[in-house]
Amino acid sequence: MSPVLRDAPIAARLLLGLVFVAHGLNGLLNVVPQDFIPLATSHVPDRALTFVSALVAAGYVFPLVNAIEVVAGALLLSNRFVPMALTVLAPIIVNLVAFYGVLAAVAPGGTVLAAATLGLEVYIAWTYREAFRPLLAARPNGKPSGSQMRAEPRTA
């Protein structure tokens, strides 16, 4: 196996981890976007602004998501609990892709970042596919089905 193919999953994991740690810290530290990660706010559709405004008004959504991003990104960077980090980040990435694909499609930078993030997530998940195999089983091997798990009545 060539060194490039051997090191590609490591590079992808580190890049994805770095993206989420940086973005999560940006949100948690309440840094003005222009100072840390510039955001293009011109030409953003009203429905995208309405959606983001509702999340901000809730008061807890962005801090929670940013904390999850930092923790999961740090797990990816440290190569610890990678399948769990990928699982936790999956709904965030799906929302990112949906947001830029549906609500803010006019922001080409965000669309490219969303597509790249999705690509990295899928590629890393594929390299860890054996860890996900039990999640995709209809019934865990060696475990009883639901009808067999019912408690038997105790007799004294």
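Every test in (1) touching a Leu at 6+ places or on another chain (Cβ under 6 Å); (2) modelled with pLDDT of 95 or more is passed by V61 save one, and that test is (2).
When L86, L77, L96, L136 are screened for being under 25 Å from P45 (Cβ atoms) and either modelled with pLDDT under 85 or surrounded by 10 or more Cβ atoms within 10 Å (Cβ to Cβ) (or both), only L96 passes. Taking each residue of the stretch 81-97 that is over 23 Å from P108 (Cβ atoms) and looking for partners that are among the β-branched types (V, I, T) and modelled with pLDDT of 95 or more with beta-carbon atoms closer than 7 Å, six or more apart or interchain, yields L86/I124; V88/I68. Being part of a helix (DSSP H, G or I), crowded, with 17+ Cβ neighbours inside 10 Å and small (G, A, S) is the requirement here; does A131 meet it? So A131 does not fit the description; no.
Of all residues in the stretch 37-56, which are open to solvent by less than 90 Å² (accessible area, probe 1.4 Å), within 17 Å of N26 (Cα to Cα) and modelled with pLDDT under 80? Selection gives I37, A40. Take the stretch 106-128 and flag every residue that is exposed (fewer than 14 other Cβ atoms within 10 Å of the Cβ) and touching a residue at least 60 places away in the same chain (Cβ under 8 Å). G109 - this is the single residue of the stretch 106-128 that is exposed (fewer than 14 other Cβ atoms within 10 Å of the Cβ) and touching a residue at least 60 places away in the same chain (Cβ under 8 Å).
The values are calculated or read from the model by the stated rules, or taken from the named source; none is laboratory data. As the structure is a prediction and not an experimental result, all values here were calculated from the model. Glycine gets a Cβ as well: all are built from the backbone with ideal geometry, and neighbour counts include every protein chain shown. These accessible areas exclude ligands, DNA and RNA; they are computed on the full protein's heavy atoms, side chains included. Shrake-Rupley method; radii C 1.70, N 1.55, O 1.52, S 1.80 Å.
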